[in-house]
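Asks: The structure under discussion is supplied below as structure tokens; questions concerning it will follow.
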Amino acid sequence: MSMVTSEHLYKAFGRFMAVRDVCFSVERGEIVGFLGPNGAGKTTTMKMLTGYLPPTAGTASIAGHDIMEEPLEARRHMGYMPENVPLYDEMRVYEYLSYRARIKGLYGSFVRKQVGFVIDRCGLEPKRKDMIRTLSKGYRQRVGLADALLGEPELLILDEPTNGLDPNQIRQIRELIRSLAAEHTVILSTHILSEVEMICNKVIIIDNGAIKAADTPEKLTGGLRAAGRVSVEYKGDLDPVMKELSLIPSVKKIIYEGLLPGGWQRLIVRAEPGTDTREKIAAVINRLGYPVRHLYRHIPSLEDVFVEMTRHD
Ligand SMILES: Nc1ncnc2c1ncn2[C@@H]1O[C@H](COP(=O)(O)OP(=O)(O)OP(=O)(O)O)[C@@H](O)[C@H]1O
Ligand SMILES: [Mg+2]
């Protein structure tokens, strides 16, 4: 059974369709990155999964429990960190977390144990007695994350957990999420693509309320046109090299970039996405007896995928 299944989810706000026909599933142990431009529908989708917004159409289930028919059961399996973590400014960190633990149905000695556990896990020990209003943004985020972790739910749904943090804090929160991934399934949204590349094993790209792509980061980047591009620099004649290279089956196009100082020729070889023609290119040029000083296969990033999928021009 999948940890999360979303079947044809729609959400309308008046006549505006914010989410349309969103279908995906998340397996246990996966770390899924939700990517999309501002207003794409990430938060709206997460709110439907967590039961905070009823879908206009479609269904979703968490650990086999339908979010509409068994909302309490579904919620028992997940912790949610919303986009803007609502915190009570006039409470101390441990008081707030104890209060949240009780709301989540923990009682007796479990409250103290769980609060101690999440404070430790999120590095909040030095701030446990501080008033929430005095906390920096990074620590407020940690309190939000600690809240989501209370009760050790199997699934964590984190809406931009690193939003507004400085690079050091981002790194710390990222490490924290990565460490949580050992025991939890995680769905997180973010605008930071390098973050997704580093921690997620599945990416869902959403734009204009609809899913544009869902796959592993490797498959998404490997499928791009840019994925087959190799640049090469060698010293020798142009014509025989161009002719021989064009005979390599996966090569689609050869672009001459010009003569560099010292007599080096620079070419770009475009081949089928997902192919690596470096060895063949080197062999061809070596056979002609020319020296090669540069051979580089362009590795597209998730940013390339994101731009290609969500560009509106
Ligand atoms: N309560 C609401 N009433 C009307 N429109 C809404 C409401 N909530 C969201 N929307 C609209 O739905 C669309 C999706 O919003 P959502 O917050 O899900 O985007 P997002 O992908 O989370 O964006 P961001 O990256 O900025 O957080 C937007 O156009 C937004 O204006
Ligand atoms: Mg959002």
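The values are calculated or read from the model by the stated rules, or taken from the named source; none is laboratory data. Bear in mind the structure is a predicted one, so any value in this text is a computation, not a measurement. Cβ placement follows ideal geometry from the backbone for every residue including glycine, while neighbour counts extend to all protein chains displayed.
Asks: Among the residues of segment 100-124, count how many are surrounded by fewer than 18 Cβ atoms within 10 Å (Cβ to Cβ), free of Cβ contacts under 8 Å to residues at least 40 places away in the same chain, not in a loop (DSSP other than H, G, I, E, B) and not polar (S, T, N, Q). Walk me through how you get there before you give the answer.
Replies: Our first condition is that a residue be surrounded by fewer than 18 Cβ atoms within 10 Å (Cβ to Cβ); within segment 100-124, this holds for 102-105, 107-110, 112-113, 116-117, 120-121, 123.
Subset that is free of Cβ contacts under 8 Å to residues at least 40 places away in the same chain: 102-103, 107-110, 112-113, 116-117, 120.
Checking which are not in a loop (DSSP other than H, G, I, E, B) leaves us with 102-103, 109-110, 112-113, 116-117, 120.
Then drop every residue that is not not polar (S, T, N, Q), which leaves 102-103, 110, 112-113, 116-117, 120.
So the count comes out to 8.
Asks: What strands (runs of 3 or more DSSP E) lie completely within segment 192-291 and have 3 or more residues being of a type in the set (Val, Ile, Thr) and in contact with a strand residue (DSSP E or B) (Cβ under 9 Å, 6 or more places away or on another chain)?
Replies: Working: elements: 202-207, 210-215, 229-235, 251-260, 264-271.
It comes to 202-207, 251-260.
Asks: Within segment 76-85, is even one residue farther than 19 Å from ILE157 by Cβ, modelled with pLDDT under 95 and more than 16 Å from ligand 1 (Cβ to nearest atom)?
Replies: For segment 76-85, residues farther than 19 Å from ILE157 by Cβ, modelled with pLDDT under 95 and more than 16 Å from ligand 1 (Cβ to nearest atom): absent.
Asks: Checking ILE62 against (1) surrounded by fewer than 20 Cβ atoms within 10 Å (Cβ to Cβ); (2) more than 15 Å from ligand 2 (Cβ to nearest atom); (3) under 15 Å from LEU156 (Cβ atoms), which single condition isn't satisfied?
Replies: (1)
Asks: Now, a different point. Looking at segment 24-69 only, could you name the residues that are within 16 Å of ligand 1 (Cβ to nearest atom), under 15 Å from the mean Cα position of the chain (by Cα) and among the charged types (D, E, K, R)?
Replies: LYS42 - this is the single residue of segment 24-69 that is within 16 Å of ligand 1 (Cβ to nearest atom), under 15 Å from the mean Cα position of the chain (by Cα) and among the charged types (D, E, K, R).
Asks: In segment 125-173, which residues are among the charged types (D, E, K, R) and assigned to a loop (DSSP other than H, G, I, E, B)? Break it down stepwise before answering.
Replies: Narrowing segment 125-173 to residues among the charged types (D, E, K, R): 125, 127-130, 133, 137, 140, 142, 147, 152, 154, 159-160, 166, 171.
Passing the criteria: ARG128, LYS129, ASP130, GLU152, GLU154, GLU160, ASP166.
Asks: Moving to a separate point now. Are any residues in segment 77-99 touching a helix residue (DSSP H, G or I) at 6+ places or on another chain (Cβ under 8 Å) and assigned to a loop (DSSP other than H, G, I, E, B), and if so, which ones?
Replies: Listed by number, the residues that qualify are PRO82, GLU83, VAL85, LEU87, TYR88, ASP89, GLU90, MET91.
Asks: Only one of GLY123, GLY116 is at pLDDT below 90 and farther than 25 Å from THR43 by Cβ; which?
Replies: Values: GLY116 fails: at pLDDT below 90.
The unique qualifying residue is GLY123.
Asks: Continuing with this model, one more query. Within the bounds of segment 31-48, is there any residue that is closer than 23 Å to ALA182 by Cα, in contact with a strand residue (DSSP E or B) (Cβ under 7 Å, 6 or more places away or on another chain) and part of a loop (DSSP other than H, G, I, E, B)?
Replies: Kept after step one, since they are closer than 23 Å to ALA182 by Cα, are these residues of segment 31-48: 31-35, 46.
Now narrow it down to the ones that are in contact with a strand residue (DSSP E or B) (Cβ under 7 Å, 6 or more places away or on another chain): 31-35, 46.
From what's left, part of a loop (DSSP other than H, G, I, E, B): none.
No: segment 31-48 contains no residue that is closer than 23 Å to ALA182 by Cα, in contact with a strand residue (DSSP E or B) (Cβ under 7 Å, 6 or more places away or on another chain) and part of a loop (DSSP other than H, G, I, E, B).
Asks: Something else now. Could you grab me the full set of residues in segment 54-76 that are in a loop (DSSP other than H, G, I, E, B) and more than 25 Å from ARG28 (Cβ to Cβ)? I'd like the intermediate steps shown before the answer.
Replies: Going through segment 54-76, the residues in a loop (DSSP other than H, G, I, E, B) turn out to be 54-56, 63-64, 67-70.
Residues satisfying the conditions are PRO54, THR56.
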